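Colleague: Attaching a single structure in structure tokens format; questions to follow.
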């Protein structure tokens, strides 16, 4: 029997968007198990705590077979190794994402030759959606419900309005 093919989908997910969920759904068609992992990045000031982001992801992914939610800190290549993943999933919304993601993929491969990166594009309906834009829309009082999963839209709007 072939070994289980596990892929790691890392991100900040602050907040998780419909675009993230679209990439997750695409990834489960390609791999046996998708580990969606919240990266703890000291260089960012997230609105939601790691625990809240993990809770959001668990609620959003509850009905998607083959998805596990986790977190990691430190080098992505070490998380890939520790979790037994064969690859990393990265979502590309636009050409502007490619240069940065390509550089990261090459650096990860340099650090760990076994670390492959698979780029997935979301549906065109989500190609303009980013967590940064969601936070800005909510901060200014706009409706974020078309851009985030319904399971978390109220939480997202409420929290971002609180911190603004």
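Since every read-out is calculated from the coordinates, none of them should be taken as a lab result. Just so we're clear, the structure is a prediction, and the values are computed from it rather than from any experiment. Backbone-built Cβ (ideal geometry, glycine too); neighbour counts: all protein chains shown.
Colleague: Per the Kirkwood definition applied to all pairs of different Cα atoms, how many angstroms is the hydrodynamic radius of the range 68-164?
Modeller: 15.6
Colleague: Further question on the same structure: Cut-off 10 angstrom, C-alpha nodes, Gaussian network model of the chain. Which of 41, 18, 108 fluctuates the most?
Modeller: Largest GNM mean-square fluctuation: 41.
Colleague: Right, next: What 222 nm value per residue comes from the helices of the chain, counting each DSSP H run with n ≥ 4 as -39,500 (n - 2.57) and dividing by all residues, nearest 500 deg cm²/dmol?
Modeller: -13000 deg cm²/dmol
Colleague: What ranking of 132, 77 emerges when the number of other C-beta atoms within 10 Å of each C-beta is taken as an exposure proxy, fewest first?
Modeller: Final ranking by Cβ density, sparse to dense: 132, 77.
Colleague: Quote the FRET efficiency, to the nearest 0.05, computed for residue 94 versus residue 118 with a Förster distance R0 of 22 Å and r equal to the Cβ-Cβ distance.
Modeller: 0.80
Colleague: Just the C-alpha atoms of the range 1-56: what Rg/Rh do they give, with Rh taken as the Kirkwood radius?
Modeller: Radius of gyration over Kirkwood radius for the range 1-56 works out to 1.04.
Colleague: Over the chain, what is the relative contact order in percent, taking alpha-carbon pairs closer than 8 angstrom and at least six residues apart?
Modeller: Relative contact order here is 29 percent.
Colleague: I've got another one for you. Quick one: if the Förster radius is 25 Å, what FRET efficiency do residue 51 and residue 163 give, using the C-beta to C-beta distance and rounding to 0.05?
Modeller: 0.95
Colleague: Over all directions, the average projected area of the alpha-carbon convex hull for the chain comes to how many nm²?
Modeller: One quarter of the hull surface, i.e. the mean projection, equals 9.7 nm².
Colleague: Please work out the FRET efficiency for the pair residue 109 and residue 58, using the Cβ-Cβ distance as r and a Förster radius of 41 Å; give the result to the nearest 0.05.
Modeller: 0.85
Colleague: Shifting gears a bit: For residue 81 paired with residue 133, estimate the spin-label separation in nm (one decimal), with each label point 7 Å from Cα along the Cα-to-Cβ line.
Modeller: Between residue 81 and residue 133, the label points sit 3.8 nm apart.
Colleague: When the chain is treated as a GNM, springs tying every alpha-carbon pair under 10 Å, which of 149, 46, 15 comes out with the largest mean-square fluctuation?
Modeller: Ranking 149, 46, 15 by mean-square fluctuation puts 46 first.
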